[in-house]
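What follows is a set of notes on a single structure, which appears directly below.
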Amino acid sequence: MDNLKKSYLGDLLVKNQLISPEQLQTALLVQKKIGKKLGQTLISLEFIDEVKLLDMLSKQLQIPFVDLSKFQPRQEVIKNLPEKIARRFRVLLLEDNSSDVLLGMVDPTDLMGLDELSRILGKTIRPVFVEEKQLLNTIDQSYRRTDEIKVLAEQLRYELRDNDADLNVLLASDKAADAPVVKLLKSVFEDAVQVRASDIHIEPQEHKLLIRFRIDGQLQLQTEADLKIASALVQKLKLMAGLDISEKRLPHDGRFHVKVRQQSVDIRISTLPTVYGESVVMRLLMQSMSGFSLEKLGMPHDMLARYRHLINRPNGMVLLTGPTGSGKSTTLYASLSELNKSTRKIITVEDPVEYRLSGINQVQVNEKIELDFARVLRSALRQDPDIIFIGEMRDQETAQIGMRAAMTGHLVLSTLHTNGTISTPSRMVDMGVKPFMVGMSLLAIIAQRLVRLVCESCARPYFPNPFEEAWLKLELGEPIAGYNFIAGKGCQHCHHTGYRGRVGIYEMLEMNNELVEAIIHGETQKFADLARQQLAKNTLRYNAIMLAITRRTSVTEAMWVSNQFGQ
């Protein structure tokens, strides 16, 4: 190790006490194995923060550092440099003047890259340091495929202009990769992945076709196209999912897999016959999202510690509640990832299996062959599992089998569609489950929602209107004069919505003797009163408000989310 040659960068970092000599030696060893630059290696090992590294280099090399979250270059300037070049060299065109350009670079010391870029641009380059993650995010937001999708949609309409056009020939062409319908879908998928869309909606209207993306829980229009291309798009998607293209009168559900921008994407497709044609919704599941972690969910530290203790219990049931799209699956997959050890056997029963987890036995429900939740569960219990994950408590039989398993030596994790924690036991009883089974099997109930975060790039001070101010005062029980709030103005980084990214808010109700007794004896009001006492301020509504108070979300978003539940 002593014979390892220290780099100039390493010496600088040690001299400035940003890393220790031991960390440098470790990084040099790792660098030799993985072949990355030393700076990238130090960042990946979490020995140094990228911003601190760039700040030091900026001072030493006298090259400015630009925070892209605060710098908003014009779209027309950025696009003067082709996307392919920007991604290849990890650069972003920030200013374009008559004689020179301001170029954001991950590595401004790359002299060969600077020479090549100077030749391409034909101008003198003024390089500045930028953070790599910010640069890639800006590239993703800037090089949208909206214009390309409009052009391809028009090309496809032109191909289908004749009423007697043979669509099957078009779809099955030997040059399918060059067919307009394939090009159009490829661009739609690439754009959706680029902007982190969770769903793609293809919706025929009376005189047009809408293509919309759901980003951070909100639908956003991608493009409008001629209604004539709807049939071609739907048929191609149905072919990709192995669905019956001749049946247009009934809904269909399917699945297919594509590779987009070096990412493996599983796509769940649902079709629905409407008066103007078949509507399609596709859920995008990024198979590269293997880093499920409880720490990244946004659960408060004290609640996370209690939750970890609960899911490491040998038996009992933990229920996650909330509507579709509230993040329940992400929380449960993060839980399974943490519980997944060689000493435990985990079986999941899902419809559908959203993410594949190595080392876990995952079963896909298929009601067409009578492989339903209850049947799979009965068989799973004969497989000697330690932990069972049930995708959803849908009916009485599934709930009863799951609760019996929880009472007989298994840890059971599952979900239920209720508004909050307090109403969950009553919902189980309404499904036909005996109250004593509910009381004896439940360990805890967690309710959750997802809250949009204010975009850091366009955050501005915000003063609540009188209605919002009255609501906050009522919820907090005190005036809000001492609090400062923010809201997003809207910029290219957030698609002009004012929000970028989401975080979970949670409330967790742990069962104790009093709560169990109230459930068993059917004392609904007593259970609700005791539950509210335990929750105190640790409710979904209060946690949403705290996000606004800590300047992570807006008052408007906190208020909107709070109105989605009645507790």
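Centroid-to-centroid, using Cα positions, the range 101-142 and the range 422-456 are 51 Å apart. Full extension of the chain between Val275 and Phe463 yields a length gain of 63.2 nm, computed as 0.36 nm times the residue separation minus the alpha carbon distance. Stretching the chain fully between Ser198 and Gln383 yields a gain of 63.2 nm (0.36 nm per residue, less the alpha carbon separation).
Which trypsin sites (Lys or Arg not before Pro) from the range 314-411 combine a DSSP loop assignment with at most 12 other Cβ atoms within 10 Å?
Details: sites: Lys328, Lys341, Arg344, Lys345, Arg356, Lys368, Arg375, Arg378, Arg382, Arg394, Arg404; in loops: Lys341, Arg344, Lys345, Arg356, Arg394.
The qualifying sites are Lys341, Arg356.
Accessible surface computed residue by residue for the range 10-127, with neighbouring protein chains in place and a 1.4 Å probe, gives 57 Å² per residue.
Secondary-structure-derived ellipticity at 222 nm for the chain, considering helices only, amounts to -11500 deg cm²/dmol, per-run term -39500 (n - 2.57) for DSSP H runs with n ≥ 4. Label-to-label distance, Glu338 versus Lys36, with points set 7 angstrom from Cα along the beta-carbon direction: 2.5 nm. Less than 5 angstrom separates the built amide H of Asn419 from none of the residues sequence-distant by 5 or more or on a different chain. The residues of the range 411-476 have, on average, 42 Å² of accessible surface per residue, using a 1.4 Å probe with all protein chains present.
The accessible area of Leu53, taken with all protein chains in place and a 1.4 Å probe, comes to roughly 10 Å².
The accessible surface of the range 254-338, taken with every protein chain in place and a 1.4 Å probe, is 54 percent carbon and sulfur.
Take Asp430: with every protein chain present and a 1.4 Å probe, its accessible area is about 120 Å².
Site pair Leu239 and Ser20 shows an inter-label distance of 6.2 nm when each label is modelled 7 Å from Cα along Cα→Cβ. With a simple spin-label model that places each label point 7 Å from the Cα along the Cα-to-Cβ direction, the separation between Glu247 and Asn315 comes to 4.4 nm. With the biggest extent put first, the Cα atoms of the range 450-540 measure 56, 29, 17 Å across the principal axes.
Among bridges DSSP assigns within the chain, what percent are antiparallel (round to 5)?
Working: 56 of 86 bridges.
The antiparallel proportion sits near 65 percent.
Please find the FRET efficiency linking Lys296 to Thr324, where r is the Cβ-Cβ separation and R0 is fixed at 25 Å, and quote it to the nearest 0.05. Provide the component values of the computation, followed by the final result.
Values: r = 21 Å, r/R0 = 0.85.
The calculated FRET efficiency here is 0.75.
Qualifying GluC sites (Glu not before Pro) in the range 1-97, where qualification requires a DSSP coil assignment and no more than 16 other C-beta atoms within 10 Å, comprise Glu46. For the range 231-291, the solvent-accessible area works out to 51 Å² per residue, with a probe of 1.4 Å and every protein chain left in place. For the range 463-556, the fraction of 1.4 Å probe accessible surface lying on carbon and sulfur atoms is 51 percent. For the range 463-503, the residues whose backbone nitrogen is under 12 Å from a point 7 Å from the Cα of Arg551, taken along Cα to Cβ, are 483-487.
With a 1.4 Å probe and all protein chains kept in place, how do Leu339, Leu272 rank by accessible area, largest first? Please report the intermediate quantities before stating the final value.
On the way: Leu339 0, Leu272 95 Å².
In descending accessible area the options line up as Leu272, Leu339.
Residues Thr330, Thr553, ordered by accessible area of protein heavy atoms at a 1.4 angstrom probe radius and largest first, appear as Thr330, Thr553.
Measuring with a 1.4 angstrom probe and ignoring ligands and nucleic acids, Asp244 comes out at about 80 Å² accessible. When only the Cβ of Lys, Arg, Asp and Glu is charged (+1, +1, -1, -1), the dipole of the range 431-503 relative to its Cα centre reaches about 340 debye. By the compact-protein rule of thumb, 2.2 N^0.38 Å, the alpha-carbon radius of gyration of the chain corresponds to a ratio of 1.11. Here r is the Cβ-Cβ distance between Ala536 and Asp49 and R0 is 30 Å; the resulting FRET efficiency, rounded to 0.05, is 0.25.
The values are calculated or read from the model by the stated rules, or taken from the named source; none is laboratory data. Predicted model, so just to flag it, every value in this text is computed and none were measured. So basically every Cβ, Gly included, is an ideal-geometry build from the backbone, and we count neighbours across all protein chains shown. We work out accessible area using only protein heavy atoms, side chains counted, and drop any ligands, DNA or RNA first. Shrake-Rupley method; radii C 1.70, N 1.55, O 1.52, S 1.80 Å.
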